[in-house]
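Engineer: Here you go, one structure.
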Ligand SMILES: NC(=O)c1ccc[n+]([C@@H]2O[C@H](COP(=O)([O-])OP(=O)(O)OC[C@H]3O[C@@H](n4cnc5c(N)ncnc54)[C@H](OP(=O)(O)O)[C@@H]3O)[C@@H](O)[C@H]2O)c1
């Protein structure tokens, strides 16, 4: 398998790390020179990586091509590239829809995929749209594949993946608060990360318990968890969360 990445940014870096930790059999990975720091780092670390200066050369030499540039760059460069019909294209670009990618590449072999940075650890959900056996078989080595038939559904998943920064902010506020109460910063960080890791693992392990049930089970009437939940509800914290989801959905 010959892979090609148009755009060597953060997500390309994560995917390539994941690939080399997996059992995927890859002959060569061609990457663009941009970003220089990341492409140099990758080619120094893995001998199957080859940096190419020309995007067309990457396409011509690969059979699975990842479009990993920002939407603005995609709009600019894709119409000028030639994709032979036997090439499989994977678009990671957030806000360019399938129809447009197919127009730009003049190809029908396009799948939109939403990986997340943890793909470098071969963890986390990976959305694939539309369903495709070959692409699923590739990504199942890098995380948990969720196939969606309709692009609108994949837009909904994109929206939820925009909650990463606010999730970390929630943890950061807890950590800073602990710190303000006299707990050392390092200890506060460790405690907070461990707490939320255990909560996520617990939710995964209890795979027959719904999230709604977990909300109920983790509070006792009049207890501390119920107090915090109700305070946040009263201040419309969760209404705001829904509003933000609706707002971000309109952007995709
Ligand atoms: N980051 C994520 O977690 C994530 C997850 C899923 C999907 N995505 C999507 O994947 C795409 C890339 O995201 P990213 O976070 O990796 O962005 P990024 O770090 O900004 O990477 C984009 C890369 O494209 C390069 N580039 C710019 N112009 C180019 C050109 N003409 N030819 C080839 N490469 C060029 C940039 O190089 P320079 O630095 O030299 O400009 C940069 O390295 C986006 O559409 C994003 O929505 C990202």
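Engineer: State the number of residues belonging to segment 1-13 that are within 12 Å of the ligand (Cβ to nearest atom) and crowded, with 19+ Cβ neighbours inside 10 Å.
Structural biologist: The number of residues fulfilling the criteria is 8.
Engineer: Could you grab me the full set of residues in segment 32-43 that are within 9 Å of the ligand (Cβ to nearest atom), under 24 Å from residue 138 (Cα atoms) and touching a strand residue (DSSP E or B) at 6+ places or on another chain (Cβ under 7 Å)?
Structural biologist: 32, 39
Engineer: Name every residue in segment 121-138 that is more than 12 Å from the ligand (Cβ to nearest atom) and either closer than 20 Å to residue 150 by Cα or part of a helix (DSSP H, G or I) (or both), in order of residue number.
Structural biologist: Scanning segment 121-138 gives 121, 128, 129, 130, 131, 132, 133, 134, 135, 136, 137, 138.
Engineer: What number of residues within segment 94-107 are at pLDDT 95 or above and either over 27 Å from residue 162 (Cβ atoms) or near the ligand (Cβ under 10 Å from one of its atoms) (or both)?
Structural biologist: Of the residues in that region, 2 qualify.
Engineer: Something else: Could you give every pair whose Cβ atoms fall below 9 Å, whose first residue belongs to segment 156-182 and is free of Cβ contacts under 8 Å to residues at least 60 places away in the same chain and at negative phi, and whose second residue is within 16 Å of the ligand (Cβ to nearest atom) and in a loop (DSSP other than H, G, I, E, B), counting only separations of at least 6 or pairs across chains?
Structural biologist: Matching pairs, first to second residue: 157/148; 161/116; 164/116.
Engineer: Next question. I'd like to verify a number: residues in segment 44-89 that are part of a helix (DSSP H, G or I) and within 14 Å of the ligand (Cβ to nearest atom), how many?
Structural biologist: The qualifying residues number 15.
Engineer: Same structure again: Somewhere in segment 209-230, is a residue within 29 Å of residue 113 (Cα to Cα) and not in a helix (DSSP H, G or I)?
Structural biologist: yes
Engineer: Give just the number: which of (1) buried (at least 17 other Cβ atoms within 10 Å of the Cβ); (2) assigned to a helix (DSSP H, G or I); (3) under 15 Å from the mean Cα position of the chain (by Cα) does residue 118 not satisfy?
Structural biologist: It fails just one condition, (1).
Engineer: Let me ask another. So which of 142, 178, 171 ends up being at pLDDT 95 or above, touching a helix residue (DSSP H, G or I) at 6+ places or on another chain (Cβ under 7 Å) and assigned to a loop (DSSP other than H, G, I, E, B)?
Structural biologist: 142
Engineer: Also: Has segment 16-26 got any residue that is outside any helix (DSSP H, G or I), surrounded by fewer than 22 Cβ atoms within 10 Å (Cβ to Cβ) and near the ligand (Cβ under 8 Å from one of its atoms)?
Structural biologist: Among the residues of segment 16-26, not one is outside any helix (DSSP H, G or I), surrounded by fewer than 22 Cβ atoms within 10 Å (Cβ to Cβ) and near the ligand (Cβ under 8 Å from one of its atoms), which makes the answer no.
Engineer: To continue, here is another question. If you take the residues in segment 1-15 that are assigned to a loop (DSSP other than H, G, I, E, B) and in contact with a strand residue (DSSP E or B) (Cβ under 8 Å, 6 or more places away or on another chain), which one is nearest to residue 71 (Cα to Cα)?
Structural biologist: 7
Here is a yes/no grid of residues against (1) surrounded by 11 or more Cβ atoms within 10 Å (Cβ to Cβ); (2) in the same structural domain as residue 226 (by TED's automatic domain parsing):
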{"residue": "142", "(1), (2)": "yes, no"}
{"residue": "146", "(1), (2)": "yes, no"}
{"residue": "171", "(1), (2)": "yes, yes"}
{"residue": "177", "(1), (2)": "yes, yes"}
{"residue": "183", "(1), (2)": "yes, yes"}
{"residue": "188", "(1), (2)": "yes, yes"}
{"residue": "202", "(1), (2)": "yes, yes"}
{"residue": "208", "(1), (2)": "no, yes"}
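The values are calculated or read from the model by the stated rules, or taken from the named source; none is laboratory data. This structure is a prediction, so every number in the text was calculated from the model and none was measured. Backbone-built Cβ (ideal geometry, glycine too); neighbour counts: all protein chains shown.
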